[in-house]
1. Which residue, of 45, 19, 40, is open to solvent by less than 100 Å² (accessible area, probe 1.4 Å), at pLDDT below 90 and under 25 Å from residue 73 (Cα atoms)?
2. If you take just the helices (runs of 4 or more DSSP H) that sit entirely in the chain, which of them hold at least 2 residues that are within 11 Å of the chain's Cα centre (by Cα)?
3. Looking only at region 63-77, which residues are of a type outside the set (Ser, Thr, Tyr), under 12 Å from residue 34 (Cβ atoms) and touching a Ser or Thr at 6+ places or on another chain (Cβ under 9 Å)?
Amino acid sequence: MTGFYTRAKLQLQKQTIDAYLDGEEKEKVRLSRELHDGIAQDLLALHFTLKKENVSAESLNEIDKIGIDIRNLSHQLM
């Protein structure tokens with residue numbers, strides 16, 4: 001009987017770990033989408049708005065660099 005309980009306990013631990021890892025992976029995907037589809041798109045809109053208002057090229061370049069960093073982070077999470 002002890003072997004049965006040990007196997008059952010190990011199986012339950014494996015299921016718990018698998019569920020945890022699955023949740024972690026889903027959260028990474030969610031964050032990645034939020035970064036890419038949310039924040040990166042907002043920065044792009046900001047870039048174009050500021051460009052229309054003749055903001056310095058240096059400032060626009062900084063916004064572009066931030067956008068690239070966000071996109072890279074998003075891809076790393078995927």
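1. Only one candidate passes the filter, namely 40.
2. Per the criteria, 2-33, 57-77.
3. First, pick out the residues of region 63-77 that are of a type outside the set (Ser, Thr, Tyr): 63-73, 75-77.
In the following step, the residues that additionally are under 12 Å from residue 34 (Cβ atoms) were identified as 70, 73, 77.
Once the filter is applied, which keeps residues that are of a type outside the set (Ser, Thr, Tyr), under 12 Å from residue 34 (Cβ atoms) and touching a Ser or Thr at 6+ places or on another chain (Cβ under 9 Å), region 63-77 yields 73, 77.
The values are calculated or read from the model by the stated rules, or taken from the named source; none is laboratory data. Treat the numbers as computed from the prediction; the structure is a model and nothing was measured. Here the Cβ is made from the backbone with ideal geometry for all residues, glycine too, and neighbour counts use every protein chain on show. Areas reflect the complete protein model, heavy atoms only, side chains present, ligands, DNA and RNA absent. Shrake-Rupley method; radii C 1.70, N 1.55, O 1.52, S 1.80 Å.
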